[in-house]
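S.K.: Below you will find the structure I want to go over with you.
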Amino acid sequence: MNTGVVLFFIWLCTTSCTKSIGETENHNYNTDISPILITHCTQNGCHDGSEKKLGNFSVYEDVQRYIKPGFPAFSELYIQISGASPEMPPKQYPALSASDIYKIRHWIARGAPKDSAERHFCDTSEATFSKTVFPIIKTWCTGCHLGAAPGGGITLQDYVSVQAESKQLRFMGSIMHDANYSAMPKNTSPLNACDILKLKRWIQNGSPND
């Protein structure tokens, strides 16, 4: 085996075992993992269900084809998002952040469970741009709406661009999957109800840069 490949797998194994499973937080598939995969992996022609062999990464069972539960170092999904060839997402799309890769690694290490999102009270009283709105945008939207050729020509890279788009009826219309607008995110269900309420509250407050 090529020496470089051996060293790469050694690195993957060591980074996958830096903490015991009990010491890591439990990342939830519905709220933590699925949004990452949908925004970074379901672009047109990728894992969007258009080609059966590639699967649809908005579907849990299709994601399972690319992982070995309990073993991130031997899971195709983790190997490729970590920079192995072929690198995923392709270079024309934004790469996953270190934080996103970390979440996926530890989710796989826990056995990649399909757990349900916890029900909780939705507090919209402190829906700010920096702590609420932009994290939602980065989680769900910047896989397509960023870079040199953003989807639909719409960039959501900072406060100025998000604030300008939030003034358009299509912003909330798309997010709520209104039939009069192009549904966003594509190829999946709408954002959870609490995130939608937080975005609406921020807009109702005047879309401040807070």
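S.K.: Treating the beta-carbon of each Lys and Arg as +1 and of each Asp and Glu as -1, no other charges, what is the dipole magnitude of the stretch 129-204 about its Cα centre, to the nearest 20 debye?
M.R.: For the stretch 129-204, the charge dipole is close to 160 debye.
S.K.: Here's a follow-up. Using a basic spin-label model with each label point 7 Å from the Cα along Cα→Cβ, how many nm lie between Glu76 and Ala179?
M.R.: 3.9 nm
S.K.: Cut-off is 10 Å between beta-carbons; in what order do Met184, Met176 appear when sorted fewest neighbours first?
M.R.: Fewest-to-most ranking of Met184, Met176: Met176, Met184.
S.K.: Kindly put Phe57, Phe171 in sequence by how many other C-beta atoms sit within 10 Å of each C-beta, fewest to most.
M.R.: Phe171, Phe57
S.K.: To the nearest 0.05, what FRET efficiency results for Val160 and Thr124 with a Förster distance of 30 Å applied to their C-beta separation?
M.R.: Efficiency computed from Cβ-Cβ geometry: 0.80.
S.K.: Mind listing which trypsin sites (Lys or Arg not before Pro) in the stretch 67-165 are in a DSSP loop and have 15 or fewer other Cβ atoms within 10 Å?
M.R.: Within the stretch 67-165, the qualifying trypsin sites (Lys or Arg not before Pro) (loop, at most 15 other Cβ atoms within 10 Å) are Lys91, Lys114, Arg119.
S.K.: If the limit is 29 Å between Cα atoms, which of Lys103/Lys186; Lys114/Lys167; Lys103/Lys167; Lys52/Lys103; Lys52/Lys131; Lys68/Lys186 go over it?
M.R.: Lys114/Lys167; Lys103/Lys167; Lys52/Lys131
S.K.: Report the extension gain between Leu197 and Ser50 in nm, rounded to one decimal, defined as 0.36 nm multiplied by the number of residues separating them, less their alpha carbon distance.
M.R.: 49.8 nm
S.K.: For Ile196, Ile108, what ranking results if the residue with the fewest other Cβ atoms within 10 Å of its Cβ goes first?
M.R.: In increasing order of surrounding Cβ atoms, one gets Ile196, Ile108.
S.K.: Now for a different question. Would you calculate the separation in nanometres between label points at Asn30 and Lys186, each defined as 7 Å from the Cα along the Cα-to-beta-carbon direction?
M.R.: Placing both labels 7 Å beyond Cα along the Cβ direction yields 2.6 nm.
Only the coordinates and a few stated rules stand behind these numbers; no lab work does. If you're wondering where the values come from, they're calculated on a predicted model, not measured in any experiment. Here the Cβ is made from the backbone with ideal geometry for all residues, glycine too, and neighbour counts use every protein chain on show.
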